[in-house]
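Below: one structure, written as structure tokens.
Please treat every number below as a calculation from the coordinates, not as lab data. Computed from a predicted model, the values in this text were never measured in an experiment. Here the Cβ is made from the backbone with ideal geometry for all residues, glycine too, and neighbour counts use every protein chain on show.
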Amino acid sequence: MKCQQSSSQRKFKPSRRTILAAAATVGLCGFAANQNIQNGVAQATRSDWRAASHKLTNQADLKVQILIYNSAPILGYGIAVEMFLAADFMHAFSVSTVGSLEENYVSILGSVRTVYSLENAPPVDVVIVPGGPFHQQVGRDLEIQAYLRNALDDGATIYSICTGALLLASAALLEQSQATTLHVATGALRQLSPSTLVEDEVLFVDYRNILACSGAGASIEATLHLIERMTFPEIAEDLRIRYLNYPCPAIN
């Protein structure tokens with residue numbers, strides 16, 4: 001099941017509740033995703049979903065690939081991966097890793113092994129592009145640029161998180177487009193891609209099959225939006241209740 005092309009744009013501005021929930025979730029999800037990804041393929045625990053579960057019974061997995069490179073922080077993509085895993089009932093999504101080589105890559109929280117190299121990666125529906133401290137060096141990697149362009153041309157959604165948008169700009173994927181990135185990197189994004197309308201003070205921008213979100217915390221809402229767009233609203237709503245609705249009162 002391939003993602004449908006979309007020419008519409010959606011921008012999302014955060015509420016105070018969303019910001020607080022994101023901050024509370026960042027550390028936990030990043031650690032949990034590290035445990036799931038250590039062996040390369042993230043395995044999901046099936047849940048007994050109460051709505052719309054029968055709709056995906058006979059549909060193929062949606063393939064999600066995480067672009068891995070040295071020093072790519074697991075926290076940068078950990079929340080998004082955790083959300084895809086939570087939605088991975090009835091084989092809705094399968095998550096794998098891809099990099100320049102099939103090898104272990106060094107990260108802050110440990111090593112991550114890629115399942116596929118860029119050359120042998122199978123067709124994909126979503127590519128997660130995390131940001132990181134060495135985005136400029138990675139952005140000059142012609143093999144990574146070609147992989148991203150080919151995936152987009154084949155109909156995949158490219159999902160950049162934080163400064164991952166700078167990698168997309170380096171690959172000329174944001175020309176005459178709209179995007180966002182980490183607030184301290186908006187100037188760099190405008191320099192790399194002058195024709196891009198860079199949005200400030202939004203959580204994410206979804207435009208022409210490129211979803212760009214402004215940071216790790218923002219990836220909660222951005223991933224929910226993407227899951228809803230690619231599957232069914234009931235799934236995203238169930239996840240929203242689980243991740244963003246807290247029954248306990250605030251402590252003053």
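Things to note:
- Every pair of different Cα atoms in region 156-222 enters the Kirkwood calculation, which places the hydrodynamic radius at 11.1 Å.
- Using the Cβ-Cβ distance between Leu142 and Leu101 with R0 = 22 Å, the FRET efficiency computed as 1/(1 + (r/R0)^6) comes to roughly 0.90.
- For region 194-237, a/c is not less than 1.5, where a ≥ b ≥ c are the root eigenvalues of the C-alpha gyration tensor, and a/b does not top b/c. That puts it in the oblate class.
- Put simply, when 125-132, 199-206 are sorted by average Cβ atoms within 10 angstrom per residue, most first, you get 125-132, 199-206.
- Rounded to 5, percent antiparallel among DSSP beta bridges of region 116-252: 25
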